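Here the structure is laid out as structure tokens; the discussion comes afterwards.
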Amino acid sequence: MKAVIVLNHSPVEELIKDLKENYGVKEIIILTQEDKNIKQQFANIPFSKKEMLQVAGDIYYAIMQYIPDIVVISGEVRVCRFVVNTLSCDKIKCYTPYSQRISEDVKQSDGSVKKVSTFKYVGLAEY
């Protein structure tokens, strides 16, 4: 099994472990690390529908060069919707990472309170 990951950030270790242990993935390609052009495009999605669709198409074709069994994608909703719908037509399973937000108020030495949020990886949610 082969997985392609498309995220604006580096995937957490728990995601990689989850793919290997629970989804049988043997090979993982982190597209936004492998292809700097795709990383740049995915981080800067244009507002224009026509230009956005061009970027979404570029991302789809970049993914398909690896012929994956699974794609993990999260980012700008219009692009993700296009890519996921298109990959679904190719019978490729698509997931988004799901994290739990944990917030706590931390009292500072000056008496003020600073809100600190951390995110804990929970699993993959299928599109």
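All of the numbers you see were taken from the coordinates with simple rules; none came from a lab. Please read these numbers as outputs of a predicted model, since none were measured by experiment.
Distance between the C-alpha centers of the stretch 1-64 and the stretch 74-116? Whole Å please.
14
Pick from K115, K36, K50: which is most flexible by mean-square fluctuation in a GNM of the chain where alpha carbon atoms under 10 Å apart are linked?
With Cα springs under 10 Å in the chain, the top fluctuation among K115, K36, K50 is at K115.
Anyone know which of K17, K114, K93 comes out most mobile in the 10 Å Cα GNM of the chain?
Highest fluctuation among the options: K114.
Give me the percent of DSSP beta bridges within the chain that run antiparallel, rounded to the nearest 5.
Counting DSSP beta bridges with both partners in the chain, the antiparallel share is about 55 percent.
For the stretch 2-126, what does the alpha-carbon gyration tensor say about shape, rounded, prolate or oblate, given a ≥ b ≥ c as the root eigenvalues, a/c under 1.5 as rounded, and a/b over b/c as prolate?
Here the stretch 2-126 falls in the oblate category.
At 222 nm, what helix-only mean residue ellipticity would the chain give, in deg cm²/dmol to the nearest 500, using -39500 (n - 2.57) for each DSSP H run of four or more?
When only DSSP H runs of four or more count, the value is -12000 deg cm²/dmol.
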